[in-house]
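Shown next, in structure tokens, is the structure this report addresses.
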Amino acid sequence: MKYPVALLFAAGLLFAASQQASAHAVVTESSLKTHPIEINHPTEVALHFNSGVELALSRVFLVSKGDVYHPLEIAKGKKPGQMLIKVPALEEGDYAIKYKVFAADGHLTEDVIRFKVSASK
Amino acid sequence: MYMQGLANFIDDFLGGLMLISYALVVGSVLWSFVILRVYATDRASDGSILASVKVLHLGASALAASVGTKLVIKGMVLASTLGELPMEAYAGTVQFQAGVLRFLLALGFVVFARKLLKEPTAKSSWQAVAALTVPLVISGAWLVHAVGRFEDRGILMFTTVIHQLAAAVWFGCVAQLMMLWQAGRKDEGAKALWPVAITRFAWLGVTSVVLLIGTGTFLAWNYIGTWDGLFGTGYGSLVITKNWLFLVALGFAYLNNRAGKQWRENGGLSNLNNKVPYYIEAETFILIGILFIAATLSSQPPSVDIPDRTAAVSEVVEMFMPHVPRITSPSHQELLAGEAGRVAVVNKIPSVAAQEWSDYNHNIAGLFLTIMGVLAIASYVKNRHLEWTKYWPVGFMGLSIFLFFRSDAETWPLGPIGFWESTFGNGEVFQHRIATTVAMVIGYMELQARLHAERRKIQFILPILSAFGGILLLTHAHAEFELKSEFLIQATHTTMGLLAVIMASGRWLELRMVTAEGYQEGRVAGVVSMVAMLLIGVLMVFYREPLI
């Protein structure tokens, strides 16, 4: 009896360690690549996720120099897995969008998209 | 933040417990109907059925407790991460609703398992258990990754559920085989059933394997898609590792099946009684490893979704190529000077000092393990001049002290972040703390075990904890890294985790086969176990971290 119980206990431990912080909802397309943000121009950024996302359980922040966080308004896009983010007018500089999204499969994902705002050439 | 790390870990722990509980429940039901034939006139003895029901009850209770608690903990994690808990939105998610359904089903299993504990042959209770199994299996479809996908959602959900079912049947029935072997010590009916059960399980096992291969191939085709995806992503490398362990498990299954065949042909019980029980235990370790990797896969983005973040095969090969070990470390001040830039979200600056710090940690730890591996293998040679090599486990204690000071430079005792704050506020630091403790415990216990052969219980600490350590390696989270860098690190850690599971099962088999019949196999398993440890050391000696 002792050894099987030990094995089952070990199984519990192993499974326990197996469930890590998740990274299931990843961005597969970003409008930041195709339409860079212009200086002092409010922009709607579109992110496409590989999975359905629960908007009510998701948060998106603009991160500016010095890692200062500003919450951003989000909305559902027209395409499946699309999230629209309202980014305010920004000065020239380096920024990031940090998102925390709850995927339809129950995984909470945090990730960062870095971008630069610069004068158009 | 302080509680978030702990809440995440508990959430993850419960997720794992849910999976194993599910496998025990589903496997027990199939076992009872197919192997014990509880519904037929030629059913197994009451003792055999009672042993099966105990596993069913244990699995169902654990499933109900873990699902119920997970729903609460998930809410706490959400509240901690989002700063509030939008309860209505949370209750409206598919995950919450499928979780509640599974919780209620698990409670149903508990009720009927309790009835069966009092009356193991009650047909009405078995009918209810069978009826509950169908929705339990189907509800899993809304708890897997496929539910969130946009293409081929239905077929992927269906295939994943069948894949999970096949794995649950294999693992659950193997757990039941262990319980039957134990029950046979007290119950003559269970003892008589043992060889019959082995042969009856053969076709059920083969069916599971065929289903696993078929559905696994389909899922890999859809989630990986290309060779680059297989070799250049975390998802792909876990699938490769899973398949290596799958082959080892099949090897044990073949040995069990062969012993059953021998019994059918000539009534020989020697292998069935003296080797198969221990093969099954080792197989359990391997199956746990496989299931654990399967669970880890759920935390990885499928390869097809990250083609722009896939590593080239040459980059993966480079991670495993021999390098001169780094035996000098940057100073603590140099390391901390680069930390602010390295962890910054905006204007992030990769830190060469952090890279070299990590290389040094891995390479020196690798030297510890390599030396221990060589000495441990030498200790199997019967030569009085080599007797001192049995003290090799002392190396684990030295390794533990080294890890304690070097794993997380920004935390106590070398860094500014306090011990408790860092331990419970950061999942990665938490894992490192556990690994440090595990290394110290392994070193002390294994030293006692090697010096005092009569202390049997202590001897089993190494395989259990090294399996646990292997799992930590397989789940080593570098959450702040870019996916490609993360994968290149993960590729080496996954390989080490695979070797650690082999090390654990080899040592377990060695300890369990210290019989006249199994002595030779036991020695071979012991040497294989130590070779696995040596290879982990060699991998770490050559480790080079990408600049991030």
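Side notes on the structure shown:
- Within the stretch B:22-37, if we keep just the residues that are in contact with a Phe, Trp or Tyr (Cβ under 7 Å, 6 or more places away or on another chain) and within 14 Å of chain A (Cβ to nearest Cβ), the residue that is nearest to residue B:202 (Cα to Cα) turns out to be B:27.
- Just one of the numbered conditions (1) at pLDDT below 95; (2) surrounded by 22 or more Cβ atoms within 10 Å (Cβ to Cβ) is not true of residue B:25: (1).
- Out of B:94, B:110, one residue alone is within 10 Å of chain A (Cβ to nearest Cβ), in contact with a helix residue (DSSP H, G or I) (Cβ under 6 Å, 6 or more places away or on another chain) and surrounded by fewer than 23 Cβ atoms within 10 Å (Cβ to Cβ). It is B:94.
- Residue satisfying all of: in the stretch A:43-65; over 12 Å from the mean Cα position of the chain (by Cα) and of a type in the set (Ser, Thr, Tyr); farthest from the other protein chains (Cβ to nearest Cβ) among these: A:43
- The sole residue among B:78, B:85 that is modelled with pLDDT under 95, outside any helix (DSSP H, G or I) and under 19 Å from residue A:59 (Cα atoms) is B:85.
- The residue pairs whose first member lies in the stretch B:390-416 and is more than 15 Å from residue B:361 (Cα to Cα), whose second member is among the charged types (D, E, K, R) and in a helix (DSSP H, G or I), and whose beta carbons are closer than 7 Å, counting only pairs six or more residues apart or on different chains, are B:390/B:450; B:393/B:446; B:393/B:450.
- Restricting attention to the stretch B:125-178 and to residues that are in contact with a Pro (Cβ under 9 Å, 6 or more places away or on another chain) and under 22 Å from residue B:99 (Cβ atoms), the residue that is farthest from the other protein chains (Cβ to nearest Cβ) turns out to be B:149.
One line per residue, one yes/no per condition, for (1) modelled with pLDDT under 95; (2) of a type outside the set (Val, Ile, Thr); (3) farther than 25 Å from residue B:136 by Cα:
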{"position": "B:181", "(1), (2), (3)": "yes, yes, yes"}
{"position": "B:189", "(1), (2), (3)": "yes, yes, yes"}
{"position": "B:193", "(1), (2), (3)": "yes, yes, yes"}
{"position": "B:198", "(1), (2), (3)": "yes, no, yes"}
{"position": "B:201", "(1), (2), (3)": "yes, yes, no"}
{"position": "B:205", "(1), (2), (3)": "yes, yes, no"}
{"position": "B:214", "(1), (2), (3)": "no, yes, no"}
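- Listed conditions (1) farther than 30 Å from residue A:97 by Cβ; (2) among the hydrophobic types (A, V, I, L, M, F, W, C); (3) in contact (Cβ under 8 Å) with a residue 40 or more places away in the chain are all met by residue B:336, apart from (1).
- Only listed residue being at pLDDT below 80, assigned to a helix (DSSP H, G or I) and surrounded by 16 or more Cβ atoms within 10 Å (Cβ to Cβ), chosen from B:435, B:449, B:439: B:435
- Among the conditions (1) more than 9 Å from chain A (Cβ to nearest Cβ); (2) in contact (Cβ under 8 Å) with a residue 60 or more places away in the chain; (3) closer than 19 Å to residue B:22 by Cα, residue B:55 misses just one, which is (1).
- Complete set of residues in the stretch A:25-42 that are of a type outside the set (Val, Ile, Thr) and within 13 Å of chain B (Cβ to nearest Cβ): A:25, A:29, A:30, A:33
- Selection from the stretch B:142-160 of residues that are in a helix (DSSP H, G or I) and either touching a residue at least 40 places away in the same chain (Cβ under 8 Å) or polar (S, T, N, Q) (or both): B:142, B:143, B:145, B:147, B:156, B:159, B:160
- All of (1) part of a helix (DSSP H, G or I); (2) touching a Phe, Trp or Tyr at 6+ places or on another chain (Cβ under 6 Å); (3) of a type in the set (Ser, Thr, Tyr) hold for residue B:284 with one exception: (2).
- Scanning the stretch A:108-121 for residues that are buried (at least 21 other Cβ atoms within 10 Å of the Cβ) and at the interface with chain B (Cβ under 7 Å from one of its Cβ atoms) returns a single hit, A:108.
- Tally of residues being part of a loop (DSSP other than H, G, I, E, B) and crowded, with 16+ Cβ neighbours inside 10 Å across the stretch B:345-355: 4
- Those strands (runs of 3 or more DSSP E) lying entirely in the stretch A:42-102 with at least 1 residues touching a residue at least 40 places away in the same chain (Cβ under 8 Å) and over 12 Å from residue A:25 (Cβ atoms): A:43-49, A:53-64, A:82-87
- Residue, farthest from residue A:26 (Cα to Cα), within the stretch B:296-324, restricted to residues that are facing chain A (nearest Cβ under 8 Å) and not charged (D, E, K, R): B:296
- Counted residues, the stretch B:28-72 - those being β-branched (Val, Ile, Thr) and surrounded by fewer than 21 Cβ atoms within 10 Å (Cβ to Cβ): 4
- Among the residues of the stretch B:190-197, none qualifies, meaning not one is farther than 24 Å from residue B:51 by Cα, more than 14 Å from every other protein chain (Cβ to nearest Cβ) and assigned to a helix (DSSP H, G or I).
- Sole residue being assigned to a helix (DSSP H, G or I), in contact (Cβ under 8 Å) with a residue 24 or more places away in the chain, more than 10 Å from chain A (Cβ to nearest Cβ) and among the hydroxyl-bearing types (Ser, Thr, Tyr), chosen from B:66, B:61: B:61
- Against the criterion of being surrounded by fewer than 19 Cβ atoms within 10 Å (Cβ to Cβ) and touching a residue at least 24 places away in the same chain (Cβ under 8 Å), residue B:133 does not qualify.
- Residue match in the stretch B:12-21 (condition: modelled with pLDDT of 90 or more, more than 8 Å from chain A (Cβ to nearest Cβ) and on the phi < 0 side of the Ramachandran plot): no
- Condition met for residue B:311 (in contact (Cβ under 8 Å) with a residue 12 or more places away in the chain, surrounded by 22 or more Cβ atoms within 10 Å (Cβ to Cβ) and in a loop (DSSP other than H, G, I, E, B)): yes
The values are calculated or read from the model by the stated rules, or taken from the named source; none is laboratory data. Keep in mind it's a predicted model, so treat the numbers as computed, not measured. Note that each Cβ is placed from the backbone with ideal geometry, even for glycine, and that neighbours are counted across all protein chains shown.
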